[in-house]
Every structure is written in structure tokens, then in C-alpha cells.
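Quick notes on the structure that follows.
The values are calculated or read from the model by the stated rules, or taken from the named source; none is laboratory data. Since the structure is predicted, the reported quantities are computational estimates derived from the model, not experimental observations.
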Amino acid sequence: MSRSVAGEEDFFLEEKRFKQYCEEFIKHSQEIGDGWEWRTSKDLGDGYLSKTHFQVRNRSIPPDLKEKCSDNIEQALSTHAEESLDDSQVAGVCATEEVIRYEYHVLYSSSYQVPVLYFRACFLDGRPLTLDEIWRSVHACYQDRLQEGPWDTITQQEHPLVGQPFFVLHPCRTNEFISSILTSSRKYNRHTNYIVLWLSTVGPVVGLNLPLSYAAVAPEQNTNADLVERPLS
């Protein structure tokens with residue numbers, strides 16, 4: 001049995017199993033109306049998970065007005081998702097709030113044999129956020145890791161399937177932390193959906209949080225039987 005320096009087994013995800021996990025993930029998303037969908041590249045034939053999400057960023061305003069505007073914004077964004085309102089209608093709800101449109105994509109990396117989170121963000125007037133703005137928007141509890149190596153954490157590069165610039169959470173350390181968690185799951189014979197486990201860990205770094213109900217999503221087969229163990233190169 002292969003072991004890493006920390007004593008955990010090293011797990012690598014095969015592409016076929018990645019798609020199966022995504023199917024389970026989307027099924028639950030549809031059940032709770034969370035907005036995830038599967039998209040396929042017309043030219044390459046490969047697919048990826050996709051979700052559009054709106055975040056409200058508060059400006060410096062009085063607390064009473066802030067609370068009132070936040071309620072209006074949340075109502076408008078809910079209507080936006082259900083009735084496909086255009087961005088200008090959402091932007092006009094309260095001028096004291098900034099609304100940022102995030103588009104998240106989950107792809108499979110053949111090189112690393114792990115999922116990778118790509119995303120882009122822009123204001124409703126179409127102005128994209130810069131890499132520096134993305135770095136500054138990372139939650140305070142992740143800033144220490146970001147400062148240690150920003151280019152090894154969040155970078156900007158061309159999306160391999162759509163051919164447009166996206167930000168990306170670098171996958172170089174995914175196997176390291178996911179192997180530790182999966183080793184514990186295997187020890188207690190727990191069945192875990194890899195995508196749920198991984199995305200609930202990396203998503204909050206860039207403002208993407210999964211509802212708690214995803215924790216109940218479990219694969220039909222034993223997770224560990226569908227992952228490849230091998231030593232780190």
C-alpha cells in the first residue's frame with residue numbers, strides 16, 4: 001500500500017468516476033434548486049459543472065439603510081434566478097450595494113487527476129474583477145496561505161474548454177489534503193461524494209459555499225474502490 005510522508009494513502013480520481021460524482025451532485029442540486037448544471041464543450045466534447053452566483057458587497061452606509069437594502073437585494077436576486085431578470089433590474093434595486101456576478105466551473109484535470117475550480121467575476125456593468133481584487137476578496141482565514149504563495153493559490157489563465165480568461169484555484173495541493181480526508185473516511189467506512197467533499201473545502205476560499213444538505217449525498221458504490229492509490233511523484 002502506498003503512503004505519503006504524512007502516513008496517509010494518496011488517492012487520485014479517474015475521469016469516469018469524476019463524471020459519476022458530478023451526476024450525483026447535479027441531481028441533488030436540482031432537488032434543492034441550487035443552480036448547478038452540466039455543460040458540454042461543442043468543439044472538444046468534454047464537460048464541466050457550472051453555476052452562476054450573485055454576491056452582495058456592502059459599501060459604507062448607515063446600518064438601518066444597509067439592512068433594508070440587503071433585504072431588497074436578496075429578494076431581487078432570488079427573482080433573478082427564478083425569472084431570468086436582466087442584470088440592470090438587479091442593479092437598480094439599491095445603489096448603495098455592489099452586486100458581483102460569479103461564474104463557477106468545475107473541470108477535471110487529467111494531469112493532476114483531480115477536479116479544478118475555475119471562476120470569473122464581474123460587476124453588473126460588465127467590469128471584471130482584477131486578480132488583485134480577487135486576492136483581496138479572499139476571506140481573512142485564508143489570507144495567510146494566500147500571502148505565502150498567491151500564484152500557487154489563485155491565478156489567472158485561459159479556460160481549457162471555453163478559451164477565455166478565468167481565475168483558477170491551483171490544483172497542486174488538492175491530492176494532499178483530499179487524501180488525508182478520504183483516508184479517515186475509509187477508516188470509518190464512510191461513503192463520501194468526492195465533489196461534495198472537495199468543493200465544500202475549496203469553495204469558501206472564493207466565496208462559494210455549499211448548503212449543508214449536500215453532506216447527505218453519497219455514492220452508490222464505495223468511494224475508495226473507485227479511487228486509484230499511488231505514491232506521490
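Got at least one residue in the stretch 88-108 being at pLDDT 90 or above and polar (S, T, N, Q)? Scanning the stretch 88-108, I find no residue that is at pLDDT 90 or above and polar (S, T, N, Q), so the answer is no.
Which of the residues spanning the stretch 38-59 are part of a strand (DSSP E or B) and more than 13 Å from the chain's Cα centre (by Cα)?
Pass one, the stretch 38-59, residues part of a strand (DSSP E or B): 38-40, 47-58.
Passing the criteria: W38, R39, T40, G47, F54, Q55, V56, R57, N58.
Within the stretch 178-202, being hydrophobic (A, V, I, L, M, F, W, C) and within 17 Å of Y108 (Cα to Cα) holds for I178, I195, V196, L197, W198, L199, V202.
Okay, residues lined up against (1) over 15 Å from Y104 (Cα atoms); (2) modelled with pLDDT of 90 or more:
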position	(1), (2)
R127	yes, yes
V168	no, yes
R173	yes, no
L208	no, yes
